[in-house]
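Readers should treat all values here as calculations from the given coordinates under stated rules, not as data from a laboratory. The shown structure was predicted, so the numbers you read here are calculated from the model rather than taken from an experiment. Don't worry about glycine lacking a Cβ; one is built from the backbone with ideal geometry, like all the others, and counts go over all protein chains shown.
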Amino acid sequence: MKPEEMKNPLTREGWQRIAEEHRQLLEVERPRIVENMATAAAEGDRSENAEYIYSRKRMREIDKRLRYLTGLLKDAQIIDPRNIRSDRIEFGATFVIEDEEGQTREWTIVGVGESDADQGTISWKSPLARAVWGKKVGQVVTVHRPVGDADYEIIDIHYAGRRVE
């Protein structure tokens, strides 16, 4: 599938994580903060009430995060990498690249809200994902980065543990 054909792709695991965070914020965190605000407001002068001020700030943060998560979940296109039969890098692919110094790194392409570089996942909109999209094992790609371009060779591709030949 081409990137321009995707609207809001997520893996099933990513969708579940995002949906659970949304539920937790909406059903647990937000009601707790509303209760804290009401209790703090009942104590009198709100302008000097640290608990009330903190609760209002936290409520804005929660509401902002809920809007973001709602946007991710709205019209989400769930893609299961186990169903992909491609020899090229697409959404859900796990691939290994090697840089010019011989260092290797493994990455998995996932949805925007589920990427975590520390866990080896990158957004399908990231510069690296865009550079490798549609490429095969053995191809060299150039990634345009703020600190300068870097060349990488694709040395392995697999989908949910199924190796690409």
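Summary table
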item: Positive-end residue, the chain charge dipole about Cα centroid, Cβ charges, pick of Ile53, Tyr159, Thr104; result: Ile53
item: Stretch gain in nm, segment Lys125-Glu106, where the contour uses 0.36 nm per residue and the Cα spacing is subtracted; result: 5.1 nm
item: Candidate lysines - alpha carbon under 26 Å from Lys135, same-chain residues fewer than 8 apart omitted; result: Lys2, Lys7, Lys125
item: Mean projected area in nm² (Cα convex hull; one quarter of hull surface) for the stretch 25-165; result: 12.1 nm²
item: Semi-axis lengths (Å, descending) of the ellipsoid that matches the C-alpha gyration tensor of the stretch 81-163; result: 19, 15, 11
item: Mean separation of Cα contacts under 8 Å, 6 or more apart, over the residue count of the chain: relative contact order %; result: 24 percent
item: Helix-only [θ]222 nm of the chain, DSSP H runs n ≥ 4, -39500 (n - 2.57) each, per residue, nearest 500; result: -11000 deg cm²/dmol
item: Cα convex hull volume per residue for the stretch 3-77 (Å³); result: 84 Å³
item: Estimated distance in nm for a label pair at Met59 and Glu21, the labels positioned 7 Å out from Cα along Cα-to-Cβ; result: 2.3 nm
